[in-house]
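See below for the structure under consideration.
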Amino acid sequence: AYAQQLAGAAPVPSHTYVDGLPSTNLPPAAVIDTVAVNRDPFSSEYADGDQNRVEITTRSPERKWHISLGGSSIGLGGDSAMGSHLGSSSKWTSPILSGPIPYAPLAFSLQANFSSNWSQQLVQPVSAGGSPSISQISTGGNSNSESFNLYYSGHESTRAYVSLYRSEATAENSGVGGLTVVQAGSGTGFESDGIRGFLQNSGTNWVERSAIMVERKTFSSAANDTDIGYDIPGYFVSGGAPIADEHSVKDRWVWKTVFQSTWKHHAWECGFTISHSTDLDQQTPNPAGQMWFPTIADYDAALSGAPTGTWIGARYSGLGLYGSTVASPFFHTDLWHTSRFVIRGGIRTDYQSLAGIEVSPRLSATAQVHGFILRQGAGLFVHEWPSSIFFQAMRDNALDPFVASGVVLPPDGTGVPTSGIREQIITHLAPGIERPRDVMLRSSIERPLGSFDAGFEFTWVDGKHLLGCRRIPDTSGWLDLLESNRDLRRTELHPRLRYKWRGQALTANYEWIHSRDDTDGPFSYAEFYNDLAAEWARSTGIPAHNASLIGNLNLPHSFFLTIVGSIHSSSPYNVTTGRDIDNDGLFNDRGGLLRNSGNGPNYRSVSLYGSRRISFDRLLHRYRKGSGINMGLEVDDLLGNRNYLTLEAVEDSPLFGQPLSALPGRTARLWFNLGE
């Protein structure tokens, strides 16, 4: 997985840390020391709760030259499950150069990644006759990233480096596919620039590490078309996109210091993290607006001049600007330590602008009893407010959006209504809003049995003060009230079995998740503003049953093979009627159904990754010992399963319950990496 992400073929997990700092840029593979997943989940160093956390630690590179050129060459894509005539393609190259700086205790590395990913999406808008008009469109884009890293290794007790990095990506026809035609899509661009510094000093029984990061991220979007947009839920989305242009900038710096020590066989650590971010987001709405119709019959009636439409738009451009400071000191220590029993406790204090101070205690224990390893932990995890809830509220109010019901189609095509009832939409944060937090309990038991290693884990999460929105009648029209009164309950059971024998490894995992909540995020709306209890249902997009089988095989002639099989049961999604019964501009009526009453598609896949190194030592021993080529084959979805992403969720649509998008089918790619 790391190799795929390094090559630009897969995204970096959102909860990834490099030397303690959050990161979306992976370091060069040659300097990776360790990669740990969910190590000490109750450590007070991190605010993450029930999330998969990936921690990467680095080391100084060897003081010798390394040159490599990598890329893919054949088998660049696979057919889509939506149709054998729909394909996808991907290409990447990743040159790397590293080596020592003469006469100085410094080494450097230069790394670049260039990738291109394209796929053909099926577009099938439904006409008044109930039959889809099927066509296809190409979507995708290009990305590249570069980094320059300078390492200091003058003394074995001191390690330091500085890293300069940048990346950019562009995409065409974003959002197109299913019932959305190309005119309603957009082109997007993303850029990121940053600098990261790290310093570590160590002694006999202590380690001190400090890190700092400064970065800027920018995003831009431009609509393919700015004519009036039309949206009939379950039938088609055409015309111009709601937002003509958008530009956002996020500036952020983070400083973190950690001190770890061992005193009389008791380990302890303390430190702090301070960060500040400034977010700016500006939108220019489509001046023609969006015209919505509950049914295809209403659209046909509007073509004859009937006032059956709902117009949604804004009068002005909107700018949102918000700055936030976060400070989190923490302390963690061994409360009781014997050869077979350890109790660890910690406390974390989280401060955020406008939110005040929250204290999060953590407690965990590990014991070894008759060959069994028992672990138990409990803790409170307080999460930051996302900056978007502030700048988006400011921006939306500056846009001055409004909704008009009972509108006829405009004769001049501008979309600005001259009839119907016009009502303004204002966004406010509820008084006394609080930060989301989780109380998590986790218990596990493991037992090595010769070549086998079996384990079982139980996790319980109680989430409070989750964010959600209600659209409430107001004197000026409608009030979008952002609140922190949503909840979550989650229970997870996770048995695991691992087998190792002579360098071969086989791991089987199963996970059962029972998750319930009443929100899909800060700006998700309740169906009825006065009945939040009706929102309590299965969590969106979380399958109850998940299983995987991973085999790592060392075959003869230095050939390495990894086989990954996974299966996930159906995940819930919301079924709606496509109607706006309150005339509030939210077409989220469920027609008496529970939230997330639909069962989404399941997922099954078998992937294969094989590699072998071919050495050039015999050919080049006089010139460059250790040169060679690494070659590999990646096959995703080996069995060609049809893995659909979305189903049509409007029950009155002729396509209700049918797939609208899918992952590529069987995909094979041969890659190579030439170098030392």
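The values are calculated or read from the model by the stated rules, or taken from the named source; none is laboratory data. Fair warning: this is a prediction, and the values are worked out from it, not measured in the lab. Note that we place each Cβ from the backbone using ideal geometry, even for glycine, and neighbour counts take in every protein chain shown. Each accessible area value is taken on the protein alone, full model and side chains, heavy atoms only, with ligands, DNA and RNA left out. Shrake-Rupley method; radii C 1.70, N 1.55, O 1.52, S 1.80 Å.
Quick notes
- All told, Phe456 meets the bar of being modelled with pLDDT of 95 or more, surrounded by fewer than 16 Cβ atoms within 10 Å (Cβ to Cβ) and more than 30 Å from Gly320 (Cβ to Cβ).
- Unmet criterion (only one of (1) assigned to a loop (DSSP other than H, G, I, E, B); (2) open to solvent by 40 Å² or more (accessible area, probe 1.4 Å)) for Ser653: (2)
- Subset of the stretch 105-122 that is open to solvent by 30 Å² or more (accessible area, probe 1.4 Å), under 28 Å from Gly197 (Cα atoms) and not aromatic (Phe, Trp, Tyr) - its residue that is nearest to the chain's Cα centre (by Cα): Leu110
- Which listed residue is in contact (Cβ under 8 Å) with a residue 60 or more places away in the chain and part of a strand (DSSP E or B), from Asp231, Asp227, Asp251: Asp231
- Some residue of the stretch 502-509 being touching a Phe, Trp or Tyr at 6+ places or on another chain (Cβ under 8 Å), assigned to a strand (DSSP E or B) and open to solvent by 70 Å² or more (accessible area, probe 1.4 Å): yes
- Checked against (1) within 21 Å of Leu481 (Cβ to Cβ); (2) among the hydrophobic types (A, V, I, L, M, F, W, C); (3) free of Cβ contacts under 8 Å to residues at least 40 places away in the same chain; (4) surrounded by 16 or more Cβ atoms within 10 Å (Cβ to Cβ), Val342 passes all but condition (1).
- Residue within the stretch 312-330 that is outside any strand (DSSP E or B), more than 25 Å from Trp478 (Cβ to Cβ) and either open to solvent by 50 Å² or more (accessible area, probe 1.4 Å) or out of contact with any His (no Cβ under 7 Å at 6 or more places or on another chain) (or both) present: no
- Checked against the criterion of being at pLDDT 85 or above, over 26 Å from Val461 (Cβ atoms) and not β-branched (Val, Ile, Thr), the candidates Pro102, Pro27 yield just one match: Pro102.
- For the stretch 296-310, the count of residues that are hydroxyl-bearing (Ser, Thr, Tyr), within 30 Å of Arg362 (Cβ to Cβ) and either open to solvent by less than 30 Å² (accessible area, probe 1.4 Å) or part of a strand (DSSP E or B) (or both) is zero.
- All of (1) small (Gly, Ala, Ser); (2) touching a strand residue (DSSP E or B) at 6+ places or on another chain (Cβ under 9 Å); (3) at pLDDT below 75; (4) within 25 Å of Asp193 (Cα to Cα) hold for Ala10 with one exception: (2).
- Some residue of the stretch 316-327 being more than 26 Å from the chain's Cα centre (by Cα) and of a type in the set (A, V, I, L, M, F, W, C): no
- Output for the stretch 359-411, where each listed residue is more than 15 Å from Gly49 (Cα to Cα) and among the acidic types (Asp, Glu): Asp396, Asp400
- Criterion applied to Ala211, Ala267, Ala244 was being closer than 30 Å to Thr295 by Cα, aliphatic (A, V, I, L, M) and in a strand (DSSP E or B), and the one residue passing it is Ala244.
- Look at (1) closer than 21 Å to Arg437 by Cβ; (2) open to solvent by 30 Å² or more (accessible area, probe 1.4 Å); (3) in contact (Cβ under 8 Å) with a residue 24 or more places away in the chain; (4) among the hydrophobic types (A, V, I, L, M, F, W, C) and you find that Val359 fails only one, number (3).
- Pairing residues of the stretch 527-543 that are within 16 Å of Pro473 (Cα to Cα) with residues that are open to solvent by less than 50 Å² (accessible area, probe 1.4 Å) and aliphatic (A, V, I, L, M), at Cβ distances under 6 Å and at least 6 apart in sequence or on separate chains, gives Tyr529/Ile472; Leu532/Ala526.
- Checking each residue in the stretch 126-147 for being open to solvent by 50 Å² or more (accessible area, probe 1.4 Å) and under 26 Å from the mean Cα position of the chain (by Cα) picks out Ser138, Asn142, Glu146.
- Here Ile347 meets the list (1) open to solvent by less than 60 Å² (accessible area, probe 1.4 Å); (2) aliphatic (A, V, I, L, M); (3) more than 30 Å from Ile228 (Cβ to Cβ) almost entirely, failing just condition (1).
- Single match in Ser43, Ser68 (criterion: of a type in the set (Ser, Thr, Tyr), under 23 Å from Arg159 (Cβ atoms) and either in a strand (DSSP E or B) or open to solvent by less than 30 Å² (accessible area, probe 1.4 Å) (or both)): Ser43
- Restricting the stretch 569-613 to residues that are among the aliphatic types (A, V, I, L, M) and crowded, with 18+ Cβ neighbours inside 10 Å leaves a set whose member that is farthest from Ala662 (Cα to Cα) is Leu586.
- So Gln5, is it modelled with pLDDT under 85 and over 26 Å from Gly610 (Cα atoms): no
- Residue match in the stretch 481-504 (condition: among the polar types (S, T, N, Q) and either in contact with a Cys (Cβ under 8 Å, 6 or more places away or on another chain) or under 27 Å from Ala547 (Cα atoms) (or both)): yes
- The residue list Arg579, Arg624 contains one member that is touching an Asp or Glu at 6+ places or on another chain (Cβ under 8 Å), under 30 Å from Pro473 (Cβ atoms) and either modelled with pLDDT of 90 or more or part of a loop (DSSP other than H, G, I, E, B) (or both), which is Arg579.
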